[in-house]
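Taking it in order: structure first as structure tokens, then the write-up.
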Amino acid sequence: PLVAPARRELGRRTPLGNTDLLGGLRSALEQLAGGTAPGAIIYIGDGPGLTGILPEDFAATLAALRQQRVSFSAVAIGNQVNWPCLASLAAGSGGNVLVPVDSLSPREAGQRMAGQAVAPILWPDDGSLELASQMADTAVAMLPFQLPPLRHDRESVILFLGPLAPASITTTAEKTPGRDSPDSWPEVQLTFDLPQRDPSSDHAFLEQ
């Protein structure tokens, strides 16, 4: 009984062809607000127009996703997929992006995404993040400035600025609750050791 009115309402909308992705995410966050169980948003489409998002609006939406511990994932389909937007939202909020190709049908992509959306995520605590170098009085910087949410089924790439001496990262993180206790967010301690490296001209492009 709800499908017919929804289709009529959808038919009244003007098909302007541009997705208000951030507005949709804000509406979804409002619906998820107040809950203690983990939340996840799955988007299917090509994203907003390639020039349709202001950096400050994007940053505010990503911060809200991170603050509410809600992951954003996307099944990217369409003629003009906004890869930077979808990938950045997923990377910064603990989600994933899947692209249907010849070896991955849309149905298979949806099924895989359904499993990934409920996979556990580690949410680092920004206030507990510490970067340390074994060289005395040496500062180490990190890009992005926040450690992204971590998960077992994707890689997270972090760039470091500092001496090529051994260094380390330590932080605490909240782990997404399991199905047996959906309201319990256990805290874990994370430590990453960065080994000493030799300089290489192959990485000169990173300076840009």
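Key figures for this structure:
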quantity: Cα-based helix-to-principal-axis angle, 83-93 vs the chain, degrees rounded to 10; calculated: 70
quantity: Gain in span if fully extended, Glu130 to Ile158, counting 0.36 nm per residue against the direct Cα distance; calculated: 8.6 nm
quantity: Amide H contacts under 5 Å for Ile44, placed H, 5+ residues apart; calculated: Val75
quantity: Computed FRET value (nearest 0.05) for Gln31 with Val99, which takes r as the C-beta separation and R₀ as 35 Å; calculated: 0.80
quantity: Table column - 3J(HN,Hα) (Hz), the stretch 122-137, Karplus curve with 6.51, -1.76, 1.60, x for Gly and Pro; calculated: 9, 9, x, 8, 4, x, 9, 5, 9, 10, 9, 10, 6, 7, 5, 6
quantity: Angstrom value of the Kirkwood radius, inverse mean 1/r, which spans all Cα pairs in the chain; calculated: 19.5
quantity: Given charges at Cβ of Lys, Arg, Asp, Glu: the chain dipole, positive-most of Gln208, Phe72, Leu159; calculated: Phe72
quantity: FRET efficiency, 1/(1 + (r/R0)^6) with R0 25 Å, evaluated for Arg107 and Gln80 via beta carbons; calculated: 0.65
quantity: Normalised contact order of the chain, rounded percent, pairs of Cα under 8 Å and 6 or more residues apart; calculated: 15
quantity: Kirkwood hydrodynamic radius over Cα pairs of the stretch 70-162, then Stokes diffusion coefficient at 20 °C and 1.002 mPa s, in µm²/s; calculated: 141
quantity: Within the chain, helix-based [θ] at 222 nm, where runs of 4 or more DSSP H residues each add -39,500 (n - 2.57), nearest 500; calculated: -8500 deg cm²/dmol
quantity: Nonlocal amide H pairs with Ile121, under 5 Å, H built at 1.01 Å; calculated: Thr176
quantity: Note, ³J(HN,Hα) from phi for the stretch 194-202, Karplus 6.51, -1.76, 1.60, rounded to Hz, x at Gly and Pro; calculated: 9, x, 5, 10, 8, x, 9, 5, 5
quantity: Cα-based helix-to-principal-axis angle, 106-117 vs the chain, degrees rounded to 10; calculated: 50
quantity: Interchain or long-range residues, amide H under 5 Å from Gly49's placed H; calculated: Thr19
quantity: Two-site label geometry, Gln189 and Asp137: point separation in nm, points 7 Å out along Cα→Cβ; calculated: 3.0
quantity: Helix 55-67 vs. the chain, principal-axis angle (Cα, 0 to 90°, nearest 10); calculated: 80
quantity: For the stretch 170-176, 3J(HN,Hα) per residue [Karplus equation, 6.51 cos²θ - 1.76 cosθ + 1.60, θ = phi - 60°, Hz, x = Gly/Pro]; calculated: 10, 6, 9, 8, 8, 9, 4
quantity: Equivalent ellipsoid semi-axes - Cα gyration tensor, the stretch 156-198, angstrom; calculated: 32, 10, 7
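Values quoted throughout were computed directly from the atomic coordinates according to the rules given, and no laboratory measurement underlies them. Because the structure is predicted, anything quoted here is derived from the model rather than measured. Cβ sites come from the backbone with ideal geometry, for glycine too, and all protein chains shown count toward neighbours.
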